[in-house]
Structure formats: structure tokens, C-alpha cells
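First the structure, in the form of C-alpha cells, and then the observations on it.
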Amino acid sequence: MKVSVIGAGHVGLVAGACLAEIGHDVLCVDNDPRKLEALAAGRTPFFEPHLEELLTRNIAAGRLHWSASIAEGAEHADVLFLCVGTPPLPDGEADMSAVEAVARQIAVAARSPKLLVEKSTVPVQTGERLEKTLAVYGAAESEVASNPEFLAEGTAVVDFLFPSRIVIGVESEWAEGLLREVYEPIVQRAFSWRPSDVEVDTEGQAPLIAANRNTAEIIKHASNSFLSTKISYINMVSRLCDAVGADVRLVAAGMGLDARIGPKFLQAGIGFGGFCFPKDLQSFIRMAEKNGCDFSLLREIERINAGQVDRFVQTLRDELWILKGKRIAAWGLAFKPHTDDMRFSPAVSVIQRLQAEGARVVAYDPQAADEAAREAPGIELADSAEAAADRAEALLILTDWPQFRQVDLAAVKARMVRPLLLDGRNLLDPESMSALGFEYHGVGRGRRTAMRLAPAV
Ligand SMILES: NC(=O)c1ccc[n+]([C@@H]2O[C@H](COP(=O)([O-])OP(=O)(O)OC[C@H]3O[C@@H](n4cnc5c(N)ncnc54)[C@H](O)[C@@H]3O)[C@@H](O)[C@H]2O)c1
């Protein structure tokens, strides 16, 4: 099938590459010259595992093309996936101006009925508004469907091709038929790519849920808000663990073995960030309010999340007393491992808070250095985890990159002025760190590990 993808970012570029990988002829449209230049030069504009491999192969096979023109996107295909950003406005609502602008341009350019597919995360009833926009600007025959994206950065390609579920929100058989056709190879697992690094479920079919458009739009926000809730829940439990001398990692392990709860998203730490959870939570709260539902539960989730950074910074203050003029090492900038995305990263919040108090923070991240140099030039960068720790009064772990576990921490300690280690992601083992001579503080690990975790947990 011919398919266009408007917005070639973390979602759009992955979607475009994966749709090409399963055999479609894909045109990706973006208005960011930097991104288009990188793609034209054969460079992947951001770090995402497996993406480069898919881009290279599908460009060479002639199934993946680029353009800066939405009109070309409308000419190329009748199915257009909308993947532009929906950042938060100051009042928490999603900024829908890019979505609306793209719909208008598609309407003006359309020469045949188009199916505009919302893949961006949008408030419920956006489909209705978009359909009106299409009609006003000359594409009354066109339709809008919802197809929320559940991929997570760092595992985006695998998530897209081996999804937990595909959700389509449609108002006509035509729209449903087109979207089922697009996803048929993924549902039937009828493509040959398999990841080399993780096991994937290749049995049976990938689940596809067809609902009406409003339902599909709500599924996305309800899912992200629920996941945020799990994180804030365990973070609140971690505070109690700190207060009474319990270990939140074991509490989470004990909870997570219950299949009704599950172990995922129960990692206590400095909180969630990124381009999705914080803004989607705010947007869901606003959406509920506008429709007469007081979702105060989610306001608490936000408040607890912000409090995790406050508590972490306070622990450092309690230890160092004065931050001004002190050199602090920060390991991690990305909002989570396996990505270079620093948008709304709690790591950046911590660093900026310390800088505001006059500390000299030297940071290291295995992937986000280029992004940091561009997006956060005020952050001083080191070339290695070890170098960041040179003459530091404290070492902070802010992103749980697994490679931090491999660093020779005895050597790191030898470089530091004071062996103070604040593990904001509970990445390291408190007992081993104490044995090395670190003053170790995790999150919610009030008592040194009372019993051993089985390695699989
Ligand atoms: N990042 C994620 O993990 C993720 C996961 C699921 C859903 N989402 C949702 O998907 C949407 C996109 O997120 P993202 O992370 O890919 O954002 P992004 O910023 O990485 O990508 C958006 C892209 O759209 C382009 N763009 C903006 N306006 C445009 C226009 N008028 N014409 C053409 N291109 C335009 C930008 O240049 C950018 O490349 C958001 O609504 C987000 O909430 C994101």
C-alpha cells in the first residue's frame, strides 16, 4: 500500500521505517530542515535501537522516501498518518496547532478522499474537530481515524512490529478496512525481521482492537495515566520505606509477583519524564475537567512525581550542606535508558536545580551528549562516566543505563573528593556500594537489603 507519514520524529520515523519494512511504500514528511538533511545524508536524526538498520534497508529498497511538502504527502497516498508533536500548553492542555495545521494543508491539497489517521496522542473528540477542519478546507469526503501509538522510546521498533495491541478508532467500514489492510502483515506476523537482542512473541496474531474514535482516543490517555499512576504509587511507597527502614525494591518484587499487579512500572526513583507521561497526564486531567469529571487522583500523581525530584535534591543538600561551588557528577541525562531523548527528563530537572544553587555539575550520558550540546548547552559534559566523577563531592545516578553497572566503581571512588553516591534509580546494590566505601543513598531503601532478590526479579 501507499502510505504517508506526516511528522518524522520519534513516532513518525519509526512508524515510517516499520511500515516500509512490512512492505508498504512510505513517504515521510517533515518540516524540520535539520531532520531532512540528516535523513538525506543517510544519518538517523536520533538514537533508537534498530532504527538505522531499518532505514538503511528500506531506503535502499526504494520503499521509504522523504519530503518537506504535505501536498506531496497527500498526493502520494490516501492513508496519511499524523505523527506531529502535541506539546503541553502552559495550562496543561495539549497544543493542537501542528495537528490542525497539517489537517488544513492536507484538505487543501487533497484530490481524492483521504483517511487522516491520528497517531499523535490527542485529546478525546479531536477526530470530530479534525473532520470539521477537513470539510471546511475542501475535503468533505475525507475521514479521520484514531490509531494511538503505544511504542516506548528505546524499544520503539520492536514495540511497533510486535505490539501489545493495535487500537483503531473508526467511524466507517472504509476506514476500518484501510487500517486493517495497513496492519495485516503485523497482525499476521507476515514479515521476516526479528530483533537479535530480545525475544519476541511470534506465535498467533497480534491483537487488534477496533472501536469507535472517541474510545480509541481515550484508550491512549487512560493507558499512559495508569502507567504514571503505578510509578507514583511505588514512589509514595518508597517514602514510607525510607521512613521506617524497609526496602522498596523488595516491596515491589513482592507486589509484582501477583499477576494482577505485575512487576513493570514499579521501579521507585526520581520519577517519570519524557515527552509522553507528564504532558499526557496533564492533558487527561484537563480533558476530564472540561467534561465535568474531577480527576483529582491524577493531580496527586503529578504532585508525587514532582516531589521525587525535590526529595532527591534535599537528600543531597542534607549531605553536602552547601551546594554552591561544589563539583557534582551526574550519570545520565536521557529521561530513560536506550534513548537520547531529554525532553522533560527528571535528570535535567535535578541538574538544573543544582546549577541554580551554584553547584558545578559535570554530566555523562552514553547517548545523549549530542542532544545535550544542542538542547541544553548549559550542562557541562564529560567524555566518560569516570571523567565526570573527577574531583566530585557526590555522584548522582539519574538515568538507569545498564552500562553504569559495568563501570569500575572502586576506580570512580578513588577519583572523588567524597565518596557520596545518590542512586536516583536504585541501579546499584547498596551493600556492595557500602563495601566499596561509598556513602550510598537509594530511593526507598531505608534498610540495607534484608533478603536477597532472585536474579530474575
Ligand atoms: N515519543 C514517544 O515515545 C511517543 C509514543 C507514543 C505517542 N507519542 C505521541 O506522538 C506524537 C509525536 O511524538 P514524537 O515523540 O514523535 O515527537 P517528535 O517531536 O519527535 O516528532 C514530531 C515531528 O513532527 C514534525 N512536525 C511538526 N510540525 C510539523 C508540520 N506542520 N509539518 C510537518 N512536520 C511537522 C517535527 O519536525 C518533528 O520531527 C505526540 O503526540 C506524542 O505524544 C509519542
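Bear in mind that the values in this text are calculations on the coordinates, not laboratory data. Every value quoted in this text rests on a predicted model; they were computed, and no experiment measured them. Positions of Cβ are backbone-derived with ideal geometry, glycine not excepted, and every protein chain shown enters the neighbour counts.
Details
- Approximate spin-label separation Ser97-Arg165, in nm, with each point projected 7 Å along Cα-to-Cβ: 3.5
- Normalising by residue count, the range 327-391 has a Cα convex hull of 66 Å³ per residue.
- Stokes-Einstein diffusion coefficient of the range 144-203, Kirkwood radius over Cα pairs, 4 °C, 1.567 mPa s, in µm²/s: 102
- Put in line by how crowded their Cβ is, counting other Cβ atoms within 10 Å and starting with the fewest, Ile351, Ile22, Ile261, Ile219 read Ile261, Ile219, Ile22, Ile351.
- Among the chymotrypsin sites (Phe, Trp or Tyr not before Pro) found in the range 136-207, those both in a DSSP coil and sparsely packed, with 14 or fewer other Cβ atoms within 10 Å of their Cβ, are Phe191.
- Flagged links, alpha-carbon separation over 21 Å, of Lys119/Lys220; Lys35/Lys114; Lys290/Lys336; Lys35/Lys132; Lys35/Lys220; Lys2/Lys132: Lys35/Lys114; Lys290/Lys336; Lys35/Lys132; Lys35/Lys220; Lys2/Lys132
- Compared with the alpha-carbon gap, the fully stretched path from Val417 to Ala41 is longer by 130.9 nm at 0.36 nm per residue.
- Cα Rg over Rh - the range 223-441, Kirkwood: 0.98
- For the chain, the alpha carbon convex hull comes to 149 Å³ per residue, rounded to a whole number.
- FRET efficiency, 1/(1 + (r/R0)^6) with R0 22 Å, evaluated for Arg303 and Gln355 via beta carbons: 0.35
- Calculated mean residue ellipticity, 222 nm, the chain: -13000 deg cm²/dmol, from DSSP H runs (n ≥ 4) at -39500 (n - 2.57) each, averaged per residue and rounded to 500.
- Linear extension gain, Ala61 paired with Ser112, 0.36 nm per residue minus alpha-carbon span: 15.6 nm
- Full extension of the chain between Arg194 and Arg34 yields a length gain of 54.6 nm, computed as 0.36 nm times the residue separation minus the alpha carbon distance.
- If you wrap the range 335-457 in the convex hull of its Cα atoms and look at it from every side, the mean projected area works out to 8.0 nm².
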